[in-house]
1. Please indicate, with yes or no, whether at least one residue in the stretch A:102-112 is assigned to a loop (DSSP other than H, G, I, E, B), at the interface with chain B (Cβ under 8 Å from one of its Cβ atoms) and over 16 Å from the mean Cα position of the chain (by Cα).
2. Can you find a residue that is over 24 Å from A:Ser126 (Cβ atoms), among the small types (Gly, Ala, Ser) and surrounded by 16 or more Cβ atoms within 10 Å (Cβ to Cβ) anywhere in the stretch B:163-185?
3. So A:Lys46 clears everything in (1) open to solvent by 30 Å² or more (accessible area, probe 1.4 Å); (2) of a type in the set (D, E, K, R); (3) under 12 Å from the mean Cα position of the chain (by Cα) except one condition, right? Which one?
4. When you go through (1) more than 7 Å from chain A (Cβ to nearest Cβ); (2) over 30 Å from B:Phe127 (Cβ atoms); (3) surrounded by fewer than 23 Cβ atoms within 10 Å (Cβ to Cβ) one by one for B:Arg267, which number turns out not to apply?
5. Just to be sure I understand, how many residues within the stretch B:70-122 are open to solvent by 60 Å² or more (accessible area, probe 1.4 Å) and of a type in the set (S, T, N, Q)?
6. Within the bounds of the stretch B:133-142, is there any residue that is on the phi < 0 side of the Ramachandran plot, open to solvent by 70 Å² or more (accessible area, probe 1.4 Å), away from chain A (no Cβ under 14 Å) and in contact (Cβ under 8 Å) with a residue 60 or more places away in the chain?
7. Quick one: B:Asn220 ticks every box in (1) facing chain A (nearest Cβ under 7 Å); (2) touching a strand residue (DSSP E or B) at 6+ places or on another chain (Cβ under 8 Å) except a single one, so which number is it?
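The values are calculated or read from the model by the stated rules, or taken from the named source; none is laboratory data. Model, not experiment: these values are computed from the prediction. Positions of Cβ are backbone-derived with ideal geometry, glycine not excepted, and every protein chain shown enters the neighbour counts. Heads up: the accessible areas ignore ligands, DNA and RNA and are worked out on the full protein's heavy atoms, side chains in. Shrake-Rupley method; radii C 1.70, N 1.55, O 1.52, S 1.80 Å.
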Amino acid sequence: MTEYKTVFGSLTNYEKGGVEAINDSPQNYVFSNLFEVASRAKPWEKVAVAKNMEYVIEAIRAEGVSPWRIAAHDEFALVMDGQVTIDLLDPDSVTANPTSTGSVAVDGEPSGRKMGQIVAKRGHMSLLPANRCYRMSARDASVVLLQTILGPDTLQRWPDICQRH
Amino acid sequence: MSTSQLPEVKSTEPNEQGYRSYSLGEFTFRRDEHFAHIDWPTGRHVMAVEPFLKALMRDIAWNFFYGTVNFDSVIGTVNHYGDVDLFAGRFNEDYRKAEIDHLENFPHDEIKATFEAMLGDWVNESFDPFAAPQETGSAYGDKSGNNMAAVTRTRVTAKRMIGMPDDELLRSDESGYTVNRMFADVDQSEPEVKVEPGYEKEVSAFSLFKYLSRSDVTWNPSVVSVCKDSLYCPTTEEFILPIIHGNDRVEWFIQLSDEIIWEVADRETGRPRANVVMKAGDCAAMPADIRHQGFSPKRSMLLVWENNSAALPGMIARGETPNVPVEF
């Protein structure tokens, strides 16, 4: 009987597929690999790997300790490789512009009430609630896939990350 | 809706194999031991009943989905979000040239009621149209009971995120969701969550991979997290996507595990445009003017990402939406 092995990717071990064009341009498929993108990114850079109108999915190389951030809407962090700790804070004075999209960095150490902490490994999804501060940390290089909206810190590197030919 | 407002389902008495026939406008549907037969004024079509029922199941469960659901190269539906086209040969170049294609538009509730009745009658007790081939009995043969529990499954649609208070439940052995045989090696640990008093409704996390490893269906995206109109709709895939999905908007795939090969063709003509091979970590958009069908050699985890904006149907109808999500 077949013994099945589930194949996940990681920063150091991933295999990339691709677009085999027949009568089309590969660029139309905006094809990339999130592990490749994260492996080439600096820690905590938010690189879009998918975009649908104003919405994006960002690949984030998690390594060390991130700045505190806040968004006016819910975001969701899915750990794709490694282990990431998320601290959540109910801020006293920091607020997100209600009309803003994406998250913004918070200067320094915001004051407020601790809400809790999540330790997430590969495959674990966490809510980053609207109007709360969050900070991520990872001892070893890890990868987070973030469901969010295009924001001022979203990096769009499509020509560099996508299959062109 | 009161009983008096329920749409009429037009059906016959059971045939010698025990199945009723159904009609919608000028279309008629009948089945025998092996086949579904579809007739319309200018033509006819026959499909093996198993792929027909698998396609019909998805069309109903997804509420006619986004855009076109091709059962095969001839039969299918187009969702106009309130009313639905049922067509034969509309997206087949040769049927159109021969002028034997046919299309009728129906109110959403009318076509849904007929399709649901047909599915309930034509699926026998041993067959589950959502299951992988080796995990279900046969669709063929004379009528033998029904499997209403399988064909009336409710699609999971989280309001905020799976596992949160007042939201969709996690999956476990106790709730009847055991680990699928092809995901026996998937880590079943949950994240460590420490919550300060008063924040129980905001500090939340769950294992998506564990959740997916316990899915009892294939090719059935369900909503697990909601960022305004951005919906994460992951699904587990094995064998062949039972429909050929014709997009009306851009759709994204993130391959979470294993591999899927997508055959992509022109939405209108069916002419091949590309094959897209996706391995774990790969991200790809399906343009808004294509049709696609996936092949998953081993059960895999796929994140389908949809934009559910209520403004999109109007924008699509006015031709205001782009075919590709990013120009570079």
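1. Of the stretch A:102-112, the ones assigned to a loop (DSSP other than H, G, I, E, B) are A:102, A:106-111.
Right, trim to at the interface with chain B (Cβ under 8 Å from one of its Cβ atoms) and you get none.
No: the stretch A:102-112 contains no residue that is assigned to a loop (DSSP other than H, G, I, E, B), at the interface with chain B (Cβ under 8 Å from one of its Cβ atoms) and over 16 Å from the mean Cα position of the chain (by Cα).
2. No: the stretch B:163-185 contains no residue that is over 24 Å from A:Ser126 (Cβ atoms), among the small types (Gly, Ala, Ser) and surrounded by 16 or more Cβ atoms within 10 Å (Cβ to Cβ).
3. Single failed check for A:Lys46: (1).
4. (3)
5. Selection size over the stretch B:70-122: 2.
6. Yes; the residues of the stretch B:133-142 include at least one that is on the phi < 0 side of the Ramachandran plot, open to solvent by 70 Å² or more (accessible area, probe 1.4 Å), away from chain A (no Cβ under 14 Å) and in contact (Cβ under 8 Å) with a residue 60 or more places away in the chain.
7. It is condition (1) that B:Asn220 fails.
Conditions tested, residue by residue: (1) under 18 Å from A:Ala48 (Cβ atoms); (2) surrounded by fewer than 18 Cβ atoms within 10 Å (Cβ to Cβ).
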{"position": "A:Leu89", "(1), (2)": "no, no"}
{"position": "A:Asn97", "(1), (2)": "no, yes"}
{"position": "A:Gly108", "(1), (2)": "no, yes"}
{"position": "A:Arg113", "(1), (2)": "no, yes"}
{"position": "A:Lys121", "(1), (2)": "no, no"}
{"position": "A:Arg139", "(1), (2)": "no, yes"}
{"position": "A:Ser142", "(1), (2)": "no, no"}
{"position": "A:Leu146", "(1), (2)": "yes, no"}
{"position": "A:Thr154", "(1), (2)": "yes, no"}
